[in-house]
Amino acid sequence: MITFNPTNNNFMSRPKNPVQVFNFDSKDLDDGTQLSLYRRMLKPRLIEEKMLILLRQGKISKWFSGIGQEAISVGVASVLNADEYLLPMHRNLGVFTTREIPLYRLFSQWQGKANGFTNGRDRSFHFGTQEFKIVGMISHLGPQFGVADGIALGNVLKDNKQVCAVFTGEGGTSEGDIHEALNVASVWQLPVLFCIANNGYGLSTPTSQQYNCDYLVDRAKGYGMEGHRIQGNNILEVYHNLKDIVSSMRENPRPVMVEFETFRMRGHEEASGTKYVPQELMDQWALKDPIKTYETYLKTTGVLTEVKEAEFKEQIREEINDHLSMAFDEPEVSSTEIKELNDVFQESVIEDVDPSDKQQELRLVDAIAQGLGQAMEQHDNLVIMGQDIAEYGGVFKITEGLLERFGSGRVRNTPICESAILSAAMGLSINGFKAVVEMQFADFVSSGFNPIVNYLAKTNYRWGQNADVVVRMPCGAGVGAGPFHSQTNEAWFTHTPGLKVVYPAFPDDAKGLLAASIADPNPVLFFEHKALYRSVRGMVSENYYHLPLGKANVLTRGEEVTIITYGAGVHWALELDEALKNKCRIVDLRCLMPLDKETIIRAVKATGKVLLLQEDSAFGGIGSDLSAMIAETCFEYLDAPIHRVASLETPIPFAAALETQYLAKSRLVRTLKELLAY
Ligand SMILES: Cc1ncc(C[n+]2csc(CCOP(=O)(O)OP(=O)(O)O)c2C)c(N)n1
């Protein structure tokens, strides 16, 4: 092992002869394996050389080069079994080739064609494939570590003794998601091989501006994790060390961090160049080329001959050219609006399970708790995670008793790590599990926003991997809790294609909709109004049952005005309607995405007047979109302008008088009377 920082000047005095750069030691590796490692590194290198030509000819778009880093990708992929998940980043072509993905599929992927992995929907290495057990990156880098946590948790729960490996560059390690994921992996002792390819630069930023410690792997100690620093350009060092580490991880499941020392020999991506990299560094690292140095070693030991080398290169080049022709011959991708829209969600065939006649009176909070417990019985692959949800039963006591009933494997207290846990929920889904994540308060979802809107929401559309995740969101004001414990932030998510958003107002709806949300293989944000938890009661069927997502409920049949609302608004509207002697037709949306447009339109047409009521502030909220939709579809039926009633455009104040003034309810009577009088 060497002791230098890739961009630090100590390294300038390295020897000039490539053979001396590394102390190769094949140990007891047979010749076949030694040659196979060589061939495996050669393949991505020759593909890249070809890609650089195609890039110059304008035949492919962006290219992120891993030239000089092949030993890391190949070494890691070579020590994992074919059924163990690999989570590569943008410089890990060797992972894909070592897993023997047919090259034409990779080439089609890079050209945005249908034989790729995303139907032209995402570019470069942004794809995954269950067939090859590879989970590709999203651009945001950091969530990848948390996804690996989830996959590893799935492996632990299956007790299959598998390891998964995830990659990042040193730049990515500065992201908070990475810290959270490392912490969770350590607390839960998840068998993840965390691979940090320290290649000196994150785009143009040298390591000295990225972190302020000697070695990134020193951080492993802080996480209570084993760590190793390995010369990433020495394939034998990578292979031997990882083989030992990984087999020990299989025996004794735990996370391990490995920092690979390497160097980025080309620009961040091809168009951006390397002007900011001192030439001496380039020259020094050129001597440590993982393929050339190993090639020289293999030749000195007689394992590789000139003839064999030429044969390998010819075979690989022929394969590349054949597969490139296939990809070039493939037509440009085409689709239809309907197909694109249909692929946003995985098709969900949710069985009809009806409520029974045997009922009991429950509060909203109890109905949710009962529904969650029954869903745990129904799906033995369902894991629930959240802060203080196990022994403590959650801050609203909804998960009380579940630990005792279902055990600590499936009912998991988490550190305060929203991003890592939501990413882990994605990983669980990839590994065949269902997950329910409890946000302690809906407000805190902002700390896990990235994995929800970028991972959970987009993965089915991108490469057909569903995110079987429900995020429970205790939300809403009226509880005197101020700006950070009172928000109803559904509009943050209804705007993002790929997420379902459910918002019940009654106990029976909450139970049936929660069960259906969990049964649904797609990501669902499930809003639970805190002010309704213990104030709203109703009769609830005792059995496990589903209510369909995307069906609104018409609660009253008044003829003069339609009020469309959800959540706490439903109860404000009901109260007022009673006072006004039933003039209102109240539609409880129950589900915001999918939206029951038919019921909305029918109700508007029936009264000719419509009031849209929401607890959230108005601008950019659900009411605004409903208003546009109603104006577009029901214009001729309207007898008055559409009215919206929403909360003030301010953060949510704490003091009772201010909160009351803030809330939409305080303007409801006045606006409704104006509308009735219009
Ligand atoms: C959250 C986020 N911020 C910024 C970027 C832009 N970006 C993409 S890759 C990259 C550098 C990553 O450096 P590193 O993790 O060291 O990997 P390397 O590219 O060196 O292999 C940056 C800044 C991004 N994709 N995502």
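The values are calculated or read from the model by the stated rules, or taken from the named source; none is laboratory data. For clarity, every value in this text was computed on a predicted model and none was experimentally measured. Neighbour counts are summed over all protein chains in view; Cβ atoms, including those assigned to glycine, are modelled from backbone coordinates with ideal geometry. Please note that ligands, DNA and RNA were not included when accessible areas were found on the heavy atoms of the full protein model with its side chains. Shrake-Rupley method; radii C 1.70, N 1.55, O 1.52, S 1.80 Å.
Points to keep in mind about this one:
- Every residue from the range 297-312 that is outside any loop (DSSP other than H, G, I, E, B) and open to solvent by less than 50 Å² (accessible area, probe 1.4 Å): Y297, L298, E309, F312
- Selection over the range 330-350 of residues that are outside any helix (DSSP H, G or I) and open to solvent by 70 Å² or more (accessible area, probe 1.4 Å) gives a count of 6.
- When the strands (runs of 3 or more DSSP E) confined to the range 522-640 are screened for residues that are without any contact (Cβ under 8 Å) to a residue 40 or more places away in the chain, those reaching at least 2 such residues are found at 584-588.
- Among residues that are over 35 Å from the mean Cα position of the chain (by Cα) and surrounded by fewer than 15 Cβ atoms within 10 Å (Cβ to Cβ), E318 is included.
- Hits in the range 185-221 - residues which are within 14 Å of the ligand (Cβ to nearest atom), hydrophobic (A, V, I, L, M, F, W, C) and touching a Leu at 6+ places or on another chain (Cβ under 8 Å): F194, I196
- Selection status of A646, open to solvent by less than 30 Å² (accessible area, probe 1.4 Å) and either more than 23 Å from H529 (Cβ to Cβ) or part of a strand (DSSP E or B) (or both): yes
- Any chance E361 is open to solvent by 80 Å² or more (accessible area, probe 1.4 Å) and either over 30 Å from V184 (Cα atoms) or not hydrophobic (A, V, I, L, M, F, W, C) (or both): yes
- The residue of the range 125-184 that is surrounded by the fewest Cβ atoms within 10 Å (Cβ to Cβ), among those that are within 13 Å of the ligand (Cβ to nearest atom) and acidic (D, E), is E175.
- In summary, I421 fulfils each of the numbered conditions (1) open to solvent by 20 Å² or more (accessible area, probe 1.4 Å); (2) touching a residue at least 60 places away in the same chain (Cβ under 8 Å); (3) in a helix (DSSP H, G or I) with the single exception of condition (1).
- The range 70-106: number of residues that are touching a strand residue (DSSP E or B) at 6+ places or on another chain (Cβ under 6 Å), within 16 Å of the ligand (Cβ to nearest atom) and part of a loop (DSSP other than H, G, I, E, B): 3
One line per residue, one yes/no per condition, for (1) on the phi < 0 side of the Ramachandran plot; (2) buried (at least 20 other Cβ atoms within 10 Å of the Cβ); (3) outside any helix (DSSP H, G or I):
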{"site": "I389", "(1), (2), (3)": "yes, yes, yes"}
{"site": "G394", "(1), (2), (3)": "no, yes, yes"}
{"site": "R412", "(1), (2), (3)": "yes, yes, yes"}
{"site": "P415", "(1), (2), (3)": "yes, no, yes"}
{"site": "A425", "(1), (2), (3)": "yes, yes, no"}
{"site": "S446", "(1), (2), (3)": "yes, no, no"}
{"site": "N450", "(1), (2), (3)": "yes, yes, no"}
{"site": "R472", "(1), (2), (3)": "yes, yes, yes"}
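- Failed item in (1) open to solvent by less than 50 Å² (accessible area, probe 1.4 Å); (2) within 23 Å of G94 (Cβ to Cβ), with Y223 passing the rest: (2)
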